[in-house]
Amino acid sequence: MARWLYNVLLHFLLPLVFLRLFWRGRTTPAYKHNIAERFGGHQGLPQHGILIHAVSLGETLASQPLVNALLAQYPQYPLIITNTTATGAERARAIWGNKVHQCYLPYDYPWAMQRFINHCQPRLVIIMETELWPNFLAKLHQQHIPSLLANARLSAKSAQGYGKIRALVTPMLNSLSVLAAQDAATAERFLALGTPPSTVTVTGSLKFDLSIPEHLPQRAAELKATWQLHGRPIWVAASTHDGEDIIILEAFKLIQMAFPNALLLLVPRHPERFDKVAELIAKQGFSMARRSLKQAVSPSVAVFLGDSMGELLLWLALADVAFIGGSLVSVGGHNPLEPAALAVPMVTGLTMFNFQQITDTLMAAGALKQGSDSTSLARIVCDWLQHPEQKQKDGAAGLDVVLANRGALAKHLAIVDRLLKA
């Protein structure tokens, strides 16, 4: 009955879904160019392979160790990467190119999901983190297609929301073959929602198994030399959201009072905000260079706008200190392990519930500190810049956390192997 009501509501909203696609397509053409796929009208999908659903950019990046391992260990199975957002789709194509087949997952209409599944007939479906859809999982279960919720995470806030619609959520969770939780707290929250204990296992987070490209240090060193960055303190503000950029720029003004030659590398999360952030930087009176215009950083440039995709690791490799976006607003933060893997200490806002346990672990190690406003953020950054030995020590502590917690990838691969052989 709950899923029936859910489907009635979905179909009632269908006209708004079309309007939203066309509206978003005005600024991001991918949303209007792939409408057929949103309703199961896929063409040329490979069959009988492994399907990995990574909703957006964050999940796509988190899936990278697993996808790379699957490509190496199961070359006989085609890999399909599905996304929901244009940024996730663009990043998947940039990372893997023609090694995988990238497409959009349909909206959760039962007929659209059935068309999609009929097109690709996957041997196994892997869903990253928390992207759960009742009709999708029901169709997989009905057709005896195994499903793995990989790298699963569920905050207390999200669990509370799911708890209000248990009649819909519990049958959905019962459809999963395996739920691989990032931590014990996540496992307990899913169990409380009615997930069968026999399907739940704690594997740790795949994010700890990220790998740094071998050429990255050399690229960073070359860029530092080209842009004459040696001797300039560099603060990288990564994956910022609307409302955070102004706070970062205000904090940077305070940092400049102590370090006049400091450089801010500001990297907004979403491409549609690039121009808006550029206008804000100019309005605040900063001299600026933009990556999209291929402008170099000269000694007179105070703010570099990283308005490109796929280069965040390069910017973090240049950093003395990093800021993690989505943490000064109610987004819940983004992955703090990328700067940690580069031994870069980081500062965040107070809202990191998407990565709470990882955040707590990094804070306990001294690699991450939190501030609530421009003044506190500036104070933390300046303290590290004024004490380089402590900065180096705290950055190294973050790398130690990453190295000590690796191993989730091997556990996930063991689950995949078991499900493929079942």
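The values are calculated or read from the model by the stated rules, or taken from the named source; none is laboratory data. These numbers come from a predicted model, not from an experiment. Don't worry about glycine lacking a Cβ; one is built from the backbone with ideal geometry, like all the others, and counts go over all protein chains shown. To get the accessible areas, we keep the full protein, side chains included, count just its heavy atoms, and leave off ligands, DNA and RNA. Shrake-Rupley method; radii C 1.70, N 1.55, O 1.52, S 1.80 Å.
A Cβ distance below 7 Å, combined with a sequence gap of six or more or placement on separate chains, defines the contacts here; from the range 280-294, residues that are touching a residue at least 12 places away in the same chain (Cβ under 8 Å) reach residues that are in a helix (DSSP H, G or I) and among the aromatic types (Phe, Trp, Tyr) in the pairs 292/274.
Within the group 24, 93, which residue is in contact with a strand residue (DSSP E or B) (Cβ under 8 Å, 6 or more places away or on another chain) and surrounded by fewer than 21 Cβ atoms within 10 Å (Cβ to Cβ)?
Numbers: 24 fails: in contact with a strand residue (DSSP E or B) (Cβ under 8 Å, 6 or more places away or on another chain).
Exactly one residue qualifies, and that residue is 93.
What are the residues in the range 147-173 that are of a type in the set (S, T, N, Q) and farther than 24 Å from residue 409 by Cα, if any? Listed by number, the residues that qualify are 158, 160, 170.
When residue 57 is tested against (1) closer than 23 Å to residue 20 by Cα; (2) modelled with pLDDT of 95 or more; (3) open to solvent by 10 Å² or more (accessible area, probe 1.4 Å), only condition (2) is not met.
The selection criterion, being surrounded by 19 or more Cβ atoms within 10 Å (Cβ to Cβ), under 30 Å from residue 273 (Cβ atoms) and either among the polar types (S, T, N, Q) or at pLDDT below 95 (or both), holds for residue 83. A residue that is assigned to a helix (DSSP H, G or I), surrounded by 23 or more Cβ atoms within 10 Å (Cβ to Cβ) and out of contact with any His (no Cβ under 6 Å at 6 or more places or on another chain) cannot be found anywhere in the range 347-354. Candidates in the range 399-414 are the residues that are part of a helix (DSSP H, G or I) and touching a residue at least 60 places away in the same chain (Cβ under 8 Å); of these, the one that is farthest from residue 366 (Cα to Cα) is 413.
Applying a threshold of 9 Å to beta carbon distances and a minimum spacing of six or more residues, or different chains, the list of pairs starting in the range 22-40 at a residue that is within 15 Å of residue 83 (Cβ to Cβ) and ending at one that is surrounded by 16 or more Cβ atoms within 10 Å (Cβ to Cβ) and among the acidic types (Asp, Glu) reads 30/90.
Being of a type in the set (Gly, Ala, Ser), farther than 22 Å from residue 290 by Cβ, out of contact with any strand residue (DSSP E or B) (no Cβ under 8 Å at 6 or more places or on another chain) and part of a loop (DSSP other than H, G, I, E, B) is the requirement here; does residue 310 meet it? Talk me through it step by step, then tell me what you get.
Values: of a type in the set (Gly, Ala, Ser): yes; farther than 22 Å from residue 290 by Cβ: no; out of contact with any strand residue (DSSP E or B) (no Cβ under 8 Å at 6 or more places or on another chain): yes; part of a loop (DSSP other than H, G, I, E, B): yes.
Judged against the criteria, residue 310 is not a match.
Residues checked against (1) without any contact (Cβ under 8 Å) to a residue 12 or more places away in the chain; (2) open to solvent by less than 40 Å² (accessible area, probe 1.4 Å); (3) farther than 28 Å from residue 213 by Cα:
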{"residue": "254", "(1), (2), (3)": "no, no, yes"}
{"residue": "270", "(1), (2), (3)": "no, no, no"}
{"residue": "296", "(1), (2), (3)": "no, no, no"}
{"residue": "304", "(1), (2), (3)": "no, yes, no"}
{"residue": "308", "(1), (2), (3)": "no, yes, no"}
{"residue": "311", "(1), (2), (3)": "no, yes, no"}
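If we keep just the residues of the range 185-236 that are of a type in the set (D, E, K, R) and under 30 Å from residue 254 (Cβ atoms), which is least open to solvent (accessible area, probe 1.4 Å)?
Pass one, the range 185-236, residues of a type in the set (D, E, K, R): 188-189, 207, 209, 214, 219, 222, 224, 232.
Applying the additional criterion that residues be under 30 Å from residue 254 (Cβ atoms) yields 224, 232.
On the way: 224: 56, 232: 26 Å².
Checking each candidate, the answer is 232.
When the criteria are applied in full, residue 243 fails the requirement of being without any contact (Cβ under 8 Å) to a residue 60 or more places away in the chain and either part of a helix (DSSP H, G or I) or more than 23 Å from residue 362 (Cα to Cα) (or both). Taken as a whole, the structure places residue 369 among residues that are in contact with a Pro (Cβ under 9 Å, 6 or more places away or on another chain) and not in a helix (DSSP H, G or I).
When 249, 305, 263 are screened for being over 25 Å from the mean Cα position of the chain (by Cα), of a type outside the set (Asp, Glu) and either modelled with pLDDT of 95 or more or farther than 30 Å from residue 86 by Cβ (or both), only 263 passes. Taken over the range 339-396, the criterion of being of a type in the set (Ser, Thr, Tyr), touching a helix residue (DSSP H, G or I) at 6+ places or on another chain (Cβ under 8 Å) and either modelled with pLDDT under 95 or more than 20 Å from residue 233 (Cα to Cα) (or both) is satisfied by 361 alone. Counting only strands (runs of 3 or more DSSP E) that sit wholly inside the range 8-127, those with at least 3 residues that are under 23 Å from residue 422 (Cβ atoms) are 50-53, 79-83.
Okay, residues lined up against (1) modelled with pLDDT under 90; (2) under 27 Å from the mean Cα position of the chain (by Cα):
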| residue | (1), (2) |
| --- | --- |
| 1 | yes, no |
| 5 | no, no |
| 8 | no, no |
| 12 | no, no |
| 22 | yes, yes |
| 38 | no, yes |
| 46 | no, yes |
